[in-house]
Each structure stands twice: as C-alpha cells, then as structure tokens.
Amino acid sequence: MKSFRFIFLLLILVFYAVPDNWAVFQKIGEIEWTSLGGVQVEVVDNIAYTLEYMYLNIYDVSDPSNPILMSNTYLGNELLYMQIKDQHAYISGNYGKFIIIDITDPVSPIVTDEIYFSGYAYYHLIKRLCVKGNYAYLDYYDYSTYESKLLIADISDPYNCSFVNNLSTDVSTDCMFINGNYLYLFGFGDYSGCAYDLSDNANPILYTTYDNLYIDYAEVKHDTVYCVNAWYFRIYDFSNPQNINLLTTYDTDIELNYVHVENNKAYLACGERGLKIFDISDYTNITEIGVFDTQMDGSIGVMQLALIGENAIILTEWSDNAFQIIDISDPTPPAELVASYDYYCRENSLIIHNDL
C-alpha cells in the first residue's frame, strides 16, 4: 500500500513539474549502427557527417523517417573535432593527428592527407580547429610537457598539406572560433582566452587576452556569440575584440555541452538532461519551451546537435542509441513511433522522433 502511495505521489509531482509550454519528445524508432558514441555532427544539403569515436559516418537524412548510412570510414585513434568546408572534411584527434577527406562523393570518401605535429605519440592532442581560406588553425596540447600551441596548416593542396607555423598560446583550448578577422581561443592557462589578428593568415598576431571570460563552446552569428560554460548560457557582443560586451546570462542549473541558435531559439545539449529548447527572442526574458530527456531511453548524455529543417539530430555519448532525430516543428504535442530499421553494428542505434 505504501509503495502504491509513493508511486501515485511521484506521478503527481512529475505531472505538475513540467510546464504547460514544454515539448516532451519521446523515442519513436531506431537504427542500429557502428559507433561507440557520438562526438560531432554537421549537416550540409541533407547529408549528415558524424564523428563517432574512430569513424567518420555519412548519412542521407533527406527523409528523416528513413535515414540511410552512405559510408562508414575508419580513421584510427580517437577523433575529436571536425569542420566541413568546400567538399572536404577537416578532422583532428588524438596523437596530434590532422586529417583531410574529400567528401565530394559521400558514398566513397577519400582521405587525401594525414599529417602529425611533432611525431606520432599518444600524449599529443589536437582538440579544436578552424578553417579560413587556404589555412587551418589547430589547437595542440602536449600532455608530456603541458605545452599548448596554435598550429597553422597550409591546406591549399588537400593532397599535400603541411604545418607552416606554430605559436605558443599559454591556453589549453576548449573553444575556438573565427569572427571577422580574428581567431578566438578560450580555455584555461595563464589567461582564460585570447584573440589573434589574422590579417596575415599564415602569421597570426596576438591581439589581446582575456581574464575571467570562460567559454566551453560557442556559435557565432555575425558579431553575436552564443556560448555555454558549465551550466551557464550566455550571449556576448564581440563587435569589438578589446571590449567584449555581455548581453545576458541564463543559469540552467544543468551541464551544458553545446548550443545551436536559429530563428530566435537556442537548442542546448544538456548532457544527461537531454536536449532543451529556449525562446531567446527577448534576451531579458529567456524561456524554456521544449525538452527531450535522453534518460528516458537509456542514453547517457547529449553532446552535440544539428538542425535539418524541422528536425534536430542529436548525438549522445557512449550509449546504445547515440544518433537520434526528433521532430521539433511543434513544441507542444508528444511523439510516437513512425519508423524502424536494423543495421549491423556494435549495438548502437539511430533513433527517429516525430510528431503525432
């Protein structure tokens, strides 16, 4: 009798704890696949490119209810970051590795070059990268010497890339992005961040440094930077690199890994608390309007996401369903199963979500 009362009270608490304007998305289908957990996803022209531990997987997601694995490329060692640009995938990872892949044909990607900074060693790490013009900027960290560097690679010939410069940064980078003519690095070290002038792309010049400005991940739209750090979602004006202006701070009280902003909405990857959607049309009154709780389907935590039309692709970490798609066209109704397809893998799954 006591157990029944406890369950009844728990259901009441759950019912009243969820605001009326929240979307509560649910699992509706799955595709088993070949990964150990999602690292990053980018979508270009209905093609989803995902880093999944040691693999670059490419999916046709033009029909979200029937995604198709187009290719599965093993690249060795742990992959950490990727940028898609001009029919190439630029990928960094452990062992100081930088890989360039021609993705003109997504069914048959071609590794055009693979280079290592300071030799092949497990304590070398390239965590982040940015591409601008004929150059790639990479954050390098040596765990044996605790040395941080900014590497500059000439990628004008994707079959013959080379490192042309390296600069000590004194920052172990968590976040790197380019806005205008400046490259920004944020992390930990002698200072929390810095900006480099890219007037000479091959020879960046340190422009300024920042103290107490912490950013784990950022999305840049013109001079507005939307970022997450720990459990804080913040919006900054970066129009003047020497005078960064904080526009707003929102305390989510949960772990934040990633942010994507579109149409006055912020989509936050909230680790074990799933995907949360916020209305940011008014910076002074940010409102949560949607949630997908991955704990309900056994996933460990949402790490990254990408939008494709009215759907969101999310990647979860080290779970049995690391790649998931949910319909976010209407933030109010629940969801139901619409598709299911099996593909041989290491017991990981692609989950499809949709409206009623």
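Per-residue answers, yes or no, for (1) under 22 Å from ASP216 (Cβ atoms); (2) at pLDDT 95 or above:
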{"residue": "LYS149", "(1), (2)": "yes, no"}
{"residue": "ILE155", "(1), (2)": "no, yes"}
{"residue": "TYR159", "(1), (2)": "no, yes"}
{"residue": "THR169", "(1), (2)": "yes, no"}
{"residue": "CYS175", "(1), (2)": "yes, no"}
{"residue": "LEU183", "(1), (2)": "yes, yes"}
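Cβ-Cβ below 7 Å, separation at least six or inter-chain, first residue in segment 185-199 and surrounded by 22 or more Cβ atoms within 10 Å (Cβ to Cβ), second of a type in the set (Asp, Glu): which pairs?
Listed by first residue and then by second, the contacts come to LEU185/ASP139; PHE186/ASP174; GLY187/ASP174.
Tell me, which strands (runs of 3 or more DSSP E) wholly within segment 190-229 include 1 or more residues that are over 16 Å from VAL259 (Cα atoms)?
Filter on segment 190-229 gives 193-197, 205-210.
Kindly provide the set of residues from segment 255-287 that are under 17 Å from SER329 (Cα atoms) and either in contact with a helix residue (DSSP H, G or I) (Cβ under 8 Å, 6 or more places away or on another chain) or not in a loop (DSSP other than H, G, I, E, B) (or both), ordered by number.
HIS260, VAL261, GLU262, LYS265, ALA266, TYR267, LEU268, LEU275, LYS276, ILE277, PHE278, ASP279
So that you can scan it fast, the table gives a plain yes or no per residue for (1) more than 23 Å from GLY189 (Cα to Cα); (2) touching a residue at least 40 places away in the same chain (Cβ under 8 Å); (3) hydroxyl-bearing (Ser, Thr, Tyr):
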| position | (1), (2), (3) |
| --- | --- |
| PHE98 | yes, yes, no |
| ASP105 | yes, no, no |
| GLU114 | yes, no, no |
| SER118 | no, no, yes |
| LYS127 | no, yes, no |
| LYS132 | yes, yes, no |
| ALA136 | no, yes, no |
| ASP157 | yes, no, no |
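Got a sec? Which of VAL302, VAL259 is modelled with pLDDT of 90 or more, buried (at least 21 other Cβ atoms within 10 Å of the Cβ) and within 17 Å of the chain's Cα centre (by Cα)?
Sole residue among the options that is modelled with pLDDT of 90 or more, buried (at least 21 other Cβ atoms within 10 Å of the Cβ) and within 17 Å of the chain's Cα centre (by Cα): VAL259.
Any residue that is under 14 Å from the mean Cα position of the chain (by Cα) and part of a strand (DSSP E or B) - is there at least one of those in segment 230-248? Working first, answer last.
Quick first cut of segment 230-248, residues under 14 Å from the mean Cα position of the chain (by Cα) only: none.
Scanning segment 230-248, I find no residue that is under 14 Å from the mean Cα position of the chain (by Cα) and part of a strand (DSSP E or B), so the answer is no.
The values are calculated or read from the model by the stated rules, or taken from the named source; none is laboratory data. Keep in mind it's a predicted model, so treat the numbers as computed, not measured. For neighbour counting, all protein chains shown are included, and Cβ atoms are generated from backbone atoms with ideal geometry for every residue, glycine included.
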